[in-house]
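Novice: Please read through the structure below; I'll follow up with questions.
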Amino acid sequence: MVWRVRRVYTGHNKRGRAVIIEDGLAPNVKEMASMPGLALTDLWETTGPLARNDGNADAADRAVRLEPPRGGSILRIVEFPPDKAWRDSADAKAAFESIGAGHAKDKQSADPMMHKTNTVDYIIVISGEIYAVVEEGEVLLKPGDVFIQRGTNHSWSVRGDVPCVIAAVLVSAAPLGKSAASKKSAGKPVTTAAVKATKATKATKATKATKATKATKATKAPAKRTTKVARQAARGR
């Protein structure tokens, strides 16, 4: 039986006063295809670049999917059943497609759970024990432990007889390999139309200022010559 979680979230009434909007069992639960007992309960979702707190709608009221929107995040509870309940019979392709992530599965791995997402995941173990498995290593996590997954190829394994329940926050991240390119481009001059227009305006102003200075100097020069001639004439009298 899937573990259910009580979810409470707040909002504002028509007078702008803070109120409890909902208090009850989180309704958005999805059991992955061909992996009986492996269930995702989505509690909340934000969209980027900044989360919004206006309105009182349930942000998790949509189809359960593995990854958050680009620039957004997902808060969820995941229950992992013991491996013996599903590993020998799982259809990995069907399982990941059932949560909108057919692309995430590592097709080169014999492990049906091995996958990778463009996210930073904050994992907190609530109950049970689970192995976090990566390509070159694994670690056993127990209640209260925190695991931070940073866009790595990874899998999960419950090798005992008791399911493991975790809380997870998935935050959208740039795909690996694109961060460096972004940093390089950040150091290059921006060549937008607005910047070009600003440069053109500055150049025009500079040209006008130069012409005005030259004109002023040209006007002052004859005056200086006239004054000099007058002084010489006065001395000759």
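The values are calculated or read from the model by the stated rules, or taken from the named source; none is laboratory data. Because the structure is predicted, anything quoted here is derived from the model rather than measured. As a convention, Cβ positions derive from the backbone with ideal geometry for all residues, glycine included, and neighbour counts pool all protein chains shown. All accessible areas refer to the heavy atoms of the entire protein, side chains included, with ligands and DNA or RNA removed. Shrake-Rupley method; radii C 1.70, N 1.55, O 1.52, S 1.80 Å.
Novice: Can you give the relative contact order of region 58-143 as a percent, counting alpha carbon pairs under 8 Å and 6+ residues apart? Walk me through the numbers on the way to the answer.
Specialist: Details: 63 pairs, mean separation 16.9, N = 86.
Here the relative contact order equals 20 percent.
Novice: Once every Cα of region 118-170 carries one equal point scatterer and solvent is ignored, give the base-10 log of I(q)/I(0) from the Debye formula at q = 0.19, 0.21, 0.27, 0.28 Å⁻¹, two decimals.
Specialist: Normalising to I(0) and taking log10 leaves -0.60, -0.73, -1.13, -1.19.
Novice: Take the alpha carbon atoms of region 100-139, find their center, do the same for region 64-95, and report the distance between the two centers in whole angstrom.
Specialist: Region 100-139 and region 64-95 have Cα centres spaced 9 Å from each other.
Novice: Taking a probe of 1.4 Å, how large is the accessible area per residue of region 14-68, in Å²?
Specialist: Numbers: 3370 Å² over 55 residues.
Dividing the accessible area of region 14-68 by its residue count gives 61 Å².
Novice: Something else now. Given a Förster distance of 30 angstrom, what is the FRET efficiency for VAL120 paired with ASP23, based on the Cβ-Cβ distance and rounded to 0.05? All intermediate terms of the calculation are to be shown ahead of the outcome.
Specialist: Working: r = 30 Å, r/R0 = 0.99.
Result of the calculation: an efficiency of 0.50.
Novice: Another question, if that's okay. Keeping every protein chain present and rolling a 1.4 Å probe, give me the accessible area per residue for region 90-141 in Å².
Specialist: On the way: 2620 Å² over 52 residues.
On a per-residue basis, region 90-141 sits at 50 Å².
Novice: Would you mind giving the three semi-axes, in whole Å and largest first, of the ellipsoid equivalent to region 91-145 according to its Cα gyration tensor? Let's see the in-between values first.
Specialist: On the way: eigenvalues 100, 37, 25 Å².
Here the semi-axes work out to 22, 14, 11 Å.
Novice: Shifting gears a bit: Can you give the accessible area of LYS142, probe radius 1.4 Å, in Å² rounded to 10?
Specialist: 90
Novice: Expressed as a whole percent, how much of the Cα-Cα distance distribution for region 1-66 exceeds 14 Å? Don't jump to the answer; show the numbers that get you there.
Specialist: Values: 1360 of 2145 pairs.
The answer is 63 percent, as a whole percent.
Novice: Let me ask something else. Rounded if a/c is under 1.5, else prolate if a/b beats b/c, else oblate: with a ≥ b ≥ c from the C-alpha gyration tensor eigenvalues square-rooted, which is region 1-146? Don't jump to the answer; show the numbers that get you there.
Specialist: Working: a/c = 2.02, a/b = 1.80, b/c = 1.12.
Prolate is the answer for region 1-146, as a/c is 1.5 or above and a/b outweighs b/c.
Novice: Scaled to the compact-protein estimate 2.2 N^0.38 Å, what is the alpha-carbon radius of gyration of region 50-109, rounded to two decimal places?
Specialist: Working: Rg = 15.2 Å, N = 60, 2.2 N^0.38 = 10.4 Å.
Compared with the compact-globule rule of thumb, region 50-109 sits at 1.45.
Novice: Counting only protein heavy atoms, what percent of the accessible surface of region 6-120 is carbon or sulfur at a 1.4 Å probe? Numbers along the way, then the final one.
Specialist: Values: 3260 of 6370 Å².
Carbon with sulfur: 51 percent of the solvent-accessible area.
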